[in-house]
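S.K.: My questions all concern the structure below.
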Amino acid sequence: MSLQSLHLKQEYRSDRNDLVSEFFVPCLSNCIQFDRAIQYVTAKSISTLWAGFTNFANNNARIRIITSHRFRPDDLSLLSKAFHDESKEKSTTNHAIVDGKNIEILRKIIHNKNLEIKIAIPDTDICVTFSENIGVFKDSENNMVAFSGTANETFSNQNRNFESIDVFTSWDDKSRVETKVEDFKNLWENKTRYVKVYDFSYAEKNNLLKYSV
């Protein structure tokens with residue numbers, strides 16, 4: 001599987017493209033790693049992203065997410081339980097999360113290190129909240145596709161936002177992709193000005209996570 005085999009556009013916009021079927025699904029189907037910085041994340045969006053990997057069954061996929069410290073109550077409860085209880089649960093066969101309350105997939109991919117979540121919290125009055133929206137797909141041949149902008153990652157046909165994303169590829173726009181990769185790397189390693197980045201478990205344990213308003 002190769003990202004370079006895809007015929008990607010430089011921009012996807014809701015008035016002329018289906019961002020899910022034209023961009024997200026093809027990229028997920030051809031990558032082994034997805035790095036995402038996003039303001040809000042839900043349990044449903046994580047499970048949907050994971051289901052998008054065509055090679056998830058052989059454990060050869062990884063998702064790394066950096067998100068803000070505010071969650072909807074149901075999502076915070078579900079994610080906290082998945083991180084706390086995953087070591088106590090037996091592994092189960094892969095299946096989709098149907099009703100949003102089944103946490104077996106989350107527990108499994110957390111336990112297997114297929115999913116890592118970090119929390120970004122502004123540490124200065126200059127920034128009120130973490131709201132960066134960038135992503136990077138990487139395949140087994142080290143090809144990369146980076147994008148900036150928002151996107152609906154629940155893959156639902158309902159309640160989609162009107163949005164656009166700008167896309168950069170490592171074979172056509174190497175410098176921009178490298179910039180996005182470096183930006184994410186610095187966030188992940190807590191080397192970015194104005195924000196502090198914590199592992200989800202540490203943030204939860206130290207009461208750094210809040211309910212979204």
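S.K.: Cut-off is 10 Å between beta-carbons; in what order do 27, 127 appear when sorted fewest neighbours first?
M.R.: Numbers: 27 22, 127 14.
By the 10 Å Cβ count, ascending: 127, 27.
S.K.: Let me ask something else about it. Spin-label point model (7 Å from Cα, Cβ direction): what's the residue 29 to residue 74 distance in nm?
M.R.: 2.9
S.K.: If you don't mind, there's one more thing I want to ask. Quote the FRET efficiency, to the nearest 0.05, computed for residue 123 versus residue 11 with a Förster distance R0 of 22 Å and r equal to the Cβ-Cβ distance.
M.R.: With a Förster radius of 22 Å, E is 0.10.
S.K.: Then there's this: Do any of 9/210; 185/205; 9/196; 108/191; 118/138; 9/81 go past 31 Å between their Cα atoms, and which? The partial results should precede the final answer.
M.R.: On the way: 9/210 37 Å; 185/205 24 Å; 9/196 34 Å; 108/191 29 Å; 118/138 19 Å; 9/81 39 Å.
Violating the 31 Å limit, Cα to Cα: 9/210; 9/196; 9/81.
S.K.: Full-extension gain between residue 212 and residue 142, please, as 0.36 nm times their residue separation minus the C-alpha to C-alpha distance. Before the final figure, lay out each step's value.
M.R.: On the way: separation 70, 0.36 × 70 = 25.20 nm, distance 3.65 nm.
Stretched fully, the residue 212-residue 142 segment lengthens by 21.5 nm.
S.K.: At 7 Å along the Cα-to-beta-carbon direction for both residue 185 and residue 18, put a label point, then send me their distance in nm to one decimal.
M.R.: The answer from the label model is 3.7 nm.
Each reported figure results from applying straightforward, stated rules to the coordinates on display, with no laboratory input. A quick note: this is a predicted structure, and the numbers were derived from the prediction, not measured. A quick note on method: Cβ atoms are made from the backbone with ideal geometry, for glycine too, and the neighbour counts reach across all protein chains shown.
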